[in-house]
1. Taking the stretch 1-15 as the region of interest, how many residues are open to solvent by less than 100 Å² (accessible area, probe 1.4 Å) and more than 13 Å from Ala63 (Cβ to Cβ)?
2. Between a residue in the stretch 37-55 that is in contact (Cβ under 8 Å) with a residue 40 or more places away in the chain and any residue that is open to solvent by 60 Å² or more (accessible area, probe 1.4 Å) and not polar (S, T, N, Q), which pairs come within a Cβ distance under 6 Å, given they are 6 or more apart or on different chains?
3. Quick one: which residue in Gln27, Gln56, Gln18 is open to solvent by 50 Å² or more (accessible area, probe 1.4 Å) and over 17 Å from Thr67 (Cα atoms)?
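The values are calculated or read from the model by the stated rules, or taken from the named source; none is laboratory data. Predicted model only: the values in this text are computed from it and were never measured. Neighbour counts are summed over all protein chains in view; Cβ atoms, including those assigned to glycine, are modelled from backbone coordinates with ideal geometry. Accessible surface is based on the protein model in full, side chains and every heavy atom, while ligands, DNA and RNA are left aside. Shrake-Rupley method; radii C 1.70, N 1.55, O 1.52, S 1.80 Å.
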Amino acid sequence: MSQYLEAAAQLLKKAETQVTANLFGNQKAQELRAIARGYAELAAIDKGLLPAGLAQDLLDHLARRYT
């Protein structure tokens, strides 16, 4: 996994920890689903299943959402 993907995975893990500790109910479930999608997207990028431009857009989105 590239350095960028590893950094994004660490960002998702940090977000997951914050969501688990601070949110409840439906809001918590929604955020955890979004984080799970982020992990799935990182896996797709790592496997080369997404075009480079789309991969960069996804990484940018994750960075904006969770920082």
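1. Residues in the stretch 1-15 being open to solvent by less than 100 Å² (accessible area, probe 1.4 Å) and more than 13 Å from Ala63 (Cβ to Cβ): 2 in total.
2. What qualifies is Asp46/Met1.
3. Only one candidate passes the filter, namely Gln27.
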